[in-house]
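Inspection log for the structure reproduced underneath, given as structure tokens.
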Amino acid sequence: MSDSYSIAVIPGDGTGPEVIREGRKVLQAAAALYGFSLEFNEVDVGGERYLKTGEILPDSVVRELSGAHAIYLGAIGHPEVAPGILEKGILLRLRFELDLYVNLRPVKLYPGVDTPLKGKGPEHIDFVVLRENTEGFYVGSGGFFKKGTPDEMAIQESINTRKGIERLLRYAFETTRARKRKKLTLCGKNNVLTYAWDLWTRAFNEIAAEYPDVTTDYAHVDAICMWMVKNPEWFDVIATDNMFGDIITDLGAMIQGGMGIAAGGNINPSGVSMFEPIGGSAPKYTGKNVINPLACILAGSLLLSGIGKPEAAKSVEDAVIKVLQTDVTSLDAGRMGHSTSEVGDLVAGYLR
Ligand code: IPM
Ligand code: MN
């Protein structure tokens, strides 16, 4: 039987197609080296299609995506589309419909990359944030009352289910157990949001009893923001809800060197998962062959882990590290010292 995987690809908007091209190049080379094959199927979704046809995410595309082994996403976002339409219609809809309940965000400072944190190096910044990805404020629960009048009000509710919390936390405990330091920090706000975080904290403590080998800890989200800057070495794995996770992972991206290097996964541990660079579609750099593809390539490394190819994933990550140490002069678009496609070639060339 041939060891083959079908990868649905959403190149998307702006520079998405350019970074995806390099990601595909590297993944294809890694697959050849490690003896399996990847079949990429591109799906046309994004701002361009929406502006041309009015379609955001047809059901047929969702079906196609759900039948793949993994989804590789470039970028979604178009300057001529109002904020919220593509985010809700594509990204959030896929998270909900494919039940991608873990948002995995490694925060790792690679050697050769500058962090804005003074006195911190790769030995201080190496943790993972696991964000609940299907609940909280993101479910869109709430509404208006007397909208547009002087008495108007708006309610936006955070939904936290025992099941949703528990499955994210179990994934977090398993992830933590597999790491060297085995330390899991719950990031919440149990001093103020006393309903949601009472439930989270109880679930956390109950599950912790099943993982005596994992050291547990709790910190308020505001305090975590301080410590991620002052003492990032305290963290190994952080588990949190959807909204807090959204906020702290942007901080995480910055301390690891910025959007040029930050990658993430939207994971359904028993289904199809979607991997993406964190940065946006960077419209002003579109088509110039200057955008940094490394975040997308690292998302590809996460994808390889996701389909059960950890050696190939490690090889891609190591090749990126090599490029960071020996080739690129900056992570910024247009200042890498190499074009987008050259960086992809360099990474592919370093695979071992
Ligand atoms: C992210 C993004 C999304 C989010 C937006 C684009 C809806 O910021 O993946 O972190 O808020 O989750
Ligand atoms: Mn975000």
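The values are calculated or read from the model by the stated rules, or taken from the named source; none is laboratory data. Nothing here was measured: the structure is a model prediction, and the numbers come from that model. Methodologically, a virtual Cβ is constructed for each residue, glycine included, from the backbone with ideal geometry; neighbour enumeration extends over all protein chains shown. When the accessible area is computed, the model is the full protein with side chains, heavy atoms only, and any ligands, DNA or RNA have been set aside. Shrake-Rupley method; radii C 1.70, N 1.55, O 1.52, S 1.80 Å.
Of all residues being outside any loop (DSSP other than H, G, I, E, B) and more than 16 Å from ligand 2 (Cβ to nearest atom) in segment 273-294, which is farthest from G337 (Cα to Cα)? Just the residue, please. Once the filter is applied, the top-ranked residue is S273. Restricting attention to segment 220-251 and to residues that are open to solvent by less than 50 Å² (accessible area, probe 1.4 Å) and more than 26 Å from E157 (Cα to Cα), the residue that is nearest to ligand 1 (Cβ to nearest atom) turns out to be M228.
Taken over segment 80-126, the residue count meeting the criterion of being part of a loop (DSSP other than H, G, I, E, B) and within 15 Å of ligand 1 (Cβ to nearest atom) is 7. When F173 is tested against (1) open to solvent by less than 20 Å² (accessible area, probe 1.4 Å); (2) of a type in the set (A, V, I, L, M, F, W, C); (3) within 26 Å of V316 (Cβ to Cβ), only condition (3) is not met.
Of the candidates G280, G308, G271, the single residue that is more than 25 Å from E123 (Cα to Cα), open to solvent by 30 Å² or more (accessible area, probe 1.4 Å) and within 13 Å of ligand 1 (Cβ to nearest atom) is G280.
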